[in-house]
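Nothing in this text is a laboratory measurement; each read-out follows from the coordinates by a stated rule. Fair warning: this is a prediction, and the values are worked out from it, not measured in the lab.
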Amino acid sequence: MKKQPEIGSQKPEVGSRKVMAFWILISVFCFLFPYLAPAANFTATVDRTEVSLGEQIHLTLRFEDMPNTGQPPQLPPLDGFTTAYGGAQTQMSIDNGVRHDSVAHIFALTPTREGTLAIPAFSVPVGGQVLSSQPIAIRVTKGQVQGGSADSVFTQGVTTNDIFQMTISLPRTNLFLNETVPVDLKLLIRNGIRYRSQMPSIVTTGFSEIKLSRPVESQEVIGGKSFVVYTFRSLTSPLQPGNLALGPARAAMDVFVDSPNRPRLPGFNDAFFDNFFGGSATKTITVTSQTVPVRVLPVPDDGKPADFTGAVGRFALDVDAKPTTLRAGEPVTLSIRVVGQGNLATLAPPKFTPPEGFKSYEPVARSKQTDEIGFTGEKVFEQVIVPLSPRASVIPPITFSFFDPEAGRYQTLSRGPIQLTVQDAPTGAAPVVVGVAPVAAAPRPQEKLGVGVVYLKPDLGAPAPSSPTLYRQTGFLAGQSLPVLALAISFVVQRRRERLRRDIRYARARRAFGNAQRRLAEAERLMPAGQIKSAAFCAALFKTLQDYLGDRLNLPSSGITSAIVEEQLQPRGVPPEICQALKEVFTACDTARFAPSLQGNLDRERLVKIVREVVTAMEKMVL
């Protein structure tokens, strides 16, 4: 007899199959992961390819969907350039559920010689492959490159198109009446220009109004010059046949032009403070685009369907009814969905006349756009119909006709018929008709006057005093002045620091009195020391006079002696009594230092008092 396998012996086989299936799934995932993950990309770009000697250009190394790119890369030595790292910019976006990460490292390059310099191609190893950028040629000239700043528009005769450009574009210039088309308006502004712009406007004679929304920003290099591109997208439709013109578009640009004699505020190198204190002039430029000629044709009469309601575009039709099983008198919601691109905003519902035995109501429309400007989307018309008897069991076909401008002909779409299962209403039950009030309303209870009623109050009493509004309160106004006061104080302090740093004579004169007071305090500490410290006391007093007179007169302190009185002080108009007092102190100090046996009894207190009074008096003089 053949032995049957035990049940327990099957468990290892089942477990091994699960393990094998798991490893197969892992292998398939590892094989497909490089195709599922976003492709890595590496580029190297510059903001301009023409520069004058001494100016900077910005090199941007952009790493897209690469791991471990947060640290700045090490650039090799670039022949003809000095390099400096300027920081990193990160960006994250999600496209169709896939995350994309981008890191841009920016380097400032300064050319060191004229001619055509080369930025070589850079290579980055990624996942077993090497991504390389394109080499870039930079032309370095000796003078100022025209069009490099807004000043050149007004001082070097450069045309406005070198700084600003504006263009209008349409997908086609042969249109049909009421055809909706996207309009692209591009405003190009040269990199490095400081400006303030108003929203552009487009002349739309014979077209529907164009409403511009927030633009999309990008970068573009034209003729070796880098521009910031703002793209405005909108829709328009021709309202009359014939030869029309769309545009031009205009935009007023306030360009900030640096004044050659503008004051430089110490410590405030930001452009905001330069503009705030009048550091730049404003020039107003009107940028104008070209005019786009458009030929508009009426929709043809030949072959026009009877149900055509003016739809121009490319559409698809879908029809649905719910519920399809019901009783007589119950409502059915008929949904007519039109999807495509064209004049969805003005789209009329397809013509639908319910057959005999149905009661219908006006359709309700709702729209949804699938792009940022509303050129593509869907429009749903919901119409309620009510079968009044079981014989009303078929919703006839619904047709929708439109004119296809690209094919140049009419097209008719049809959906249906839709079969309904309608049963008799229950005996004695009134049919439920949408929008009809019930036959009998519930009786209202009798109202009792004076119960639950709040009567009017004839006397409101004395009004409570109200506090003044916030902007009229003294504390609020004082608080608003604090930032201005702090800015003014910081400006004054910074000006003083700059002068102390640059003007040595002013700095020495400012610190002379304070240094003299400190040295006099040191000399006073040596006064009670008696005859033993006499030479040290006189040396401290002599050093005080040397440093003070050296700082006030901006002379080397070590070379000052009693001869300074006749050589410098008397010619500057110092009073004779001060000159005589200084001579006395110099003589007493020289005697104590070099001939202590001849000094006799030195009156130290009197000498300190003389020096203190002389310093105080000279501090009030202009030397």
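With 24 Å as the limit, the listed pairs 322/359; 304/359; 211/351 have 304/359; 211/351 beyond it between alpha carbons.
For segment 342-353, 3J(HN,Hα) computed residue by residue from phi via the Karplus equation (6.51, -1.76, 1.60; θ = phi - 60°) reads x, 7, 5, 5, 9, 5, 8, x, x, 5, 9, 10 Hz, glycine and proline entered as x. Each residue of segment 226-236 is assigned a 3J(HN,Hα), and the resulting list reads 8, 10, 8, 10, 10, 9, 9, 10, 7, 10, 8 Hz, derived from the Karplus form 6.51 cos²θ - 1.76 cosθ + 1.60 (θ = phi - 60°), x at Gly and Pro. What percent of all Cα-Cα pairs in segment 504-619 falls into each 5 Å bin, going from 0 up to the bin containing the maximum distance? Per 5 Å bin, starting at 0, the Cα pair percentages come out as 2, 12, 23, 25, 20, 11, 5, 1, 0.
Candidate cross-link partners of residue 283 among the aspartates and glutamates, defined by an alpha-carbon separation under 19 Å and a same-chain spacing of 8 or more, comprise 151, 162, 254, 258, 274.
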